[in-house]
Every structure is written in structure tokens, then in C-alpha cells.
Ligand code: AHR
């Protein structure tokens, strides 16, 4: 059997994982909103038209934040179209996804939905077709108490208390050719800076996210990020990054290694932020908002434009996607000293964690489980592991560690959790040296694997891919021996003294 080992010490602290790392994303895209979270007439719909089956699954994920309303959608959106009496709301063309937007779900519905889920909203303003004026009006509507045009408009819609939305994204992917009203880095940087100032004058307590490059492969990366930060550094709190991992060369070994690129992107963005910090001669450290990340796979359902609620990138993820997804999550945990916000993209029906059928069932994609487990056990201090793992090479990557792992220690709860992906086709004996923790006891070893890497969950068979208890781990005097099954996702939990 292959062998790997990690030293896990409570003194090797990366940082406290921010609650906002456990976030997701709801965009007016395909059937995320319509026929996803919102389907009046569905058998489980509540008085607001929210599907309670979907609400129940979203609650299981223990989401801290949910980003809204896009995405590319935001760059052509008028938020005013989505508030007030539904019968008076206009039907619009959404050019981002070429769909019909009925506006029967808007800002106030989203805020009600997030309250039911128990999550905080992250709001994105339109810096594509609109700008400073729209942004200042929107924040006045959301966060100003009363006695002004937009705060009173909100109150006239039955929302007496301000929402107090804390985190605001200054637009979305404005470096992208696909974006409505794409901008140069200088144009965007100036606009973001001036918008940030106006928004803070309405509510000084907010946190702002500037748009970083929409991918590492963009020709303007990381120059876009540097230029934007030169304009905005003093005025924003976070720089965004996005990353989607799609299988390359139909090769599993390469696919499983691809989160290494995501991790490299994180390092590159940190380096760019720190470079600008030096240029600015400031002590302020820029934090990152990984406000879109996920795996991607060819959709199972074809998209038809100019519909409402037509599935877009509706995909049943495979077992192997869940392994890549798990590794992506681990790379976020390993940088929790700099990443404050992370939103899996998207929650429902577009490369989703939750799948629905119109008028039918809702169920969990395999990626649901690693997210749920990291959201449950990944809150605490992320620890820097010292790991020795066997490695492999592919045509695209070298020195890929077969065991990809991260650990989080929650001192208050007395919980130590090691998360590990076995990227290999053989079992690995994984030794953990945790003697630094003094007395520990073994709680459980949860494993998600399947004989077929292309196994999926369907509405007829929704539990084909799911984690099971009973992974092999023994603990003796602070040293554990764990067996990581081939191609598996593992959550190994210990109880530590509080
Ligand atoms: O799949 C979601 C889309 O991907 C978002 O709208 C956009 O920001 C990204 O390109």
C-alpha cells in the first residue's frame, strides 16, 4: 500500500476561517431562481413561492453568505424593476443569458429567502450599463433607515427595517469580452473607486469587493488586477477572483490535479495585492473574495434562449467532479489567512449543488456533500500541515501529491478535522502525527467514493453517491493510521480537549 503522512500541530496556524468562506451564489440565470429556489405552484411552495424542498437542502449546507443577483446578469440589470407590486413590474430581455426576465423575483424576495435560509446576502451592483447613481440609490434602499426617497420606497414595500447588507461587489467580470459594457482596467478602476466613495458616504460600515480578473487564463491577468488596485486600494476591502475547473484531455489524473492551478491563481492574486501594497506604502493588507468557484462539466440539458426558468448548465456531477470540488475547497481553506469570502457557483440547477425538476423533486449533486462537511467542520483555525505524500506526473502537471489534505481545529468545540482527497487508484495508508494535541479521541472517518468515477445522483436514485461512515482509522497516543480508499474524499474527525 502507498504511504503518506502529515504532522498536525495546533501551533502551525494559517488563520481563522472566515464564516463567509462557506457561501454560495444565486444568479438570475437559467433555472437557478425560476423553477429553482422560486416556483409558485410547486407542491412544496410556501406563501412566498419559495420551494421548501430546496430551502431545506440549502439549510443543510449551513450557508453563511449568498451572492446575488449575478454574475453577468448584473451588468444589464435594473434593480428597480424587481421591487414593488409584482403586477407592475416590467418584463425585460436579459442579454447576459438571452432569457426573458419577468422580475417576479427581485431584491425583496431574495432578502426574504436568505432570511429563511439563515444566510447573509452579498449584493452586486451594476457597473456595466449603470454606475454610481444606481449604486448609491440601491444602498440607500437597502441600508438607510428612513426619511429619504429610496429608504421610504423600501418602507412602502412593507420592509420597515433596513437590511443592513454588509458586503457589496462593485460589478462583475468587467474584464471579459462576454460582459455587457466591458471596460478597460483604467475605466473600471476609476468607476469602482468613485462608486465605492459614494456608497460609503451612504453607509460607512459596508465592505466592498473590487472586480479582479475573471480567470487566470485571461490575457490581461494579473495586469488588470494591478491596475484596478492602483485605483481602488484605499477604497475597497477585497479583490475578487473566479475559477471554474473543467476536465481536460478526458484524463482523470490530470483533472484531479487541476485544483493546483486554482491554488496558483490564489498565490498570484495575493502576490499582486502585496505588490500594490508595497507601491502604496500602506500597512493595509488586501483580502480576497473568491466569489465564484466550482467544477464545470458539459451540461445534461440543452439550453433554449428567450425562456424563463429554462435550465442552463444543468448538470449531474460525477463522483470524480466531487473529488476535484473537494480539492478546490481545501485550497481555499489553506489560504484562509487571505481569503475572507468564497461563493460556490451556483447553488441550484446551474453547475449546482442542488438539482431540481420543474414541478418535481429536488436532490443533492455529489458536490453537495464535501461542501456540507467543510461548512460543518471547517470553521476554526486552519492548520498548516507538514505533509509527505507520494506524487505523480501527467502531461500537464508534475509533482501532483496523491494525498491532498487540510486540517481545521476548533478549540472552543474541541474538534480537530482532517480533510483528505486520495487522487490515486490505490489505497493509501495516511499517518497523522497529532501528538501536539495531547489527549485526543477518534470520532469518525467519513468516506465518499464509488466504484465508478462517473456515478451520479438522479431523481430516481438520489443517494447513489454519498458519504458513508466507517472509514478505517485507528488512533494510538496521538498518532493515527488512516486508510484512504482509492479515489476518495475523506473527513477524519477527532475530539480534542476544550
Ligand atoms: O456561471 C456563472 C457565470 O460565470 C457568472 O454569471 C459569471 O460571472 C461567470 O462567468
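The values are calculated or read from the model by the stated rules, or taken from the named source; none is laboratory data. Being a predicted model, the structure only gives us computed values, none of them experimental. Virtual Cβ from ideal backbone geometry, glycine too; neighbours counted across all protein chains shown.
Points worth noting:
- Scanning the range 25-48 for residues that are within 25 Å of the chain's Cα centre (by Cα) and farther than 15 Å from residue 362 by Cβ gives 25, 27, 28, 29, 30.
- Among the residues making up the range 10-32, those that are part of a loop (DSSP other than H, G, I, E, B) and either more than 14 Å from the ligand (Cβ to nearest atom) or surrounded by fewer than 24 Cβ atoms within 10 Å (Cβ to Cβ) (or both) are 10, 11, 12, 17, 18, 22.
- Residues that are surrounded by fewer than 20 Cβ atoms within 10 Å (Cβ to Cβ) and not in a helix (DSSP H, G or I) were ranked within the range 238-268; the one that is modelled with the highest pLDDT is 244.
- Against the test of being away from the ligand (no atom under 16 Å from the Cβ), at pLDDT 95 or above and in the same structural domain as residue 280 (by TED's automatic domain parsing), the options 155, 216 yield a single qualifying residue, 155.
- First in the range 1-24 and touching a residue at least 40 places away in the same chain (Cβ under 8 Å), second anywhere and surrounded by fewer than 17 Cβ atoms within 10 Å (Cβ to Cβ) and assigned to a strand (DSSP E or B), Cβ under 6 Å, 6 or more apart: 1/429; 3/429; 5/388; 5/431; 7/386; 7/433
- Any hit, the range 294-301, residues being crowded, with 22+ Cβ neighbours inside 10 Å and either in the same structural domain as residue 421 (by TED's automatic domain parsing) or assigned to a strand (DSSP E or B) (or both): yes
- In the range 95-128, the residue that is nearest to the ligand (Cβ to nearest atom) out of those that are buried (at least 21 other Cβ atoms within 10 Å of the Cβ) and part of a strand (DSSP E or B) is 124.
- Count of the range 197-225 residues which are under 15 Å from residue 172 (Cα atoms) and in contact with a helix residue (DSSP H, G or I) (Cβ under 6 Å, 6 or more places away or on another chain): 6
- One residue alone among 70, 76 is over 22 Å from the mean Cα position of the chain (by Cα) and either closer than 22 Å to residue 367 by Cβ or within 16 Å of the ligand (Cβ to nearest atom) (or both), and that residue is 76.
- For residue 88, the criteria (1) closer than 23 Å to residue 313 by Cα; (2) more than 16 Å from the chain's Cα centre (by Cα); (3) away from the ligand (no atom under 16 Å from the Cβ) hold in every case but one, which is (1).
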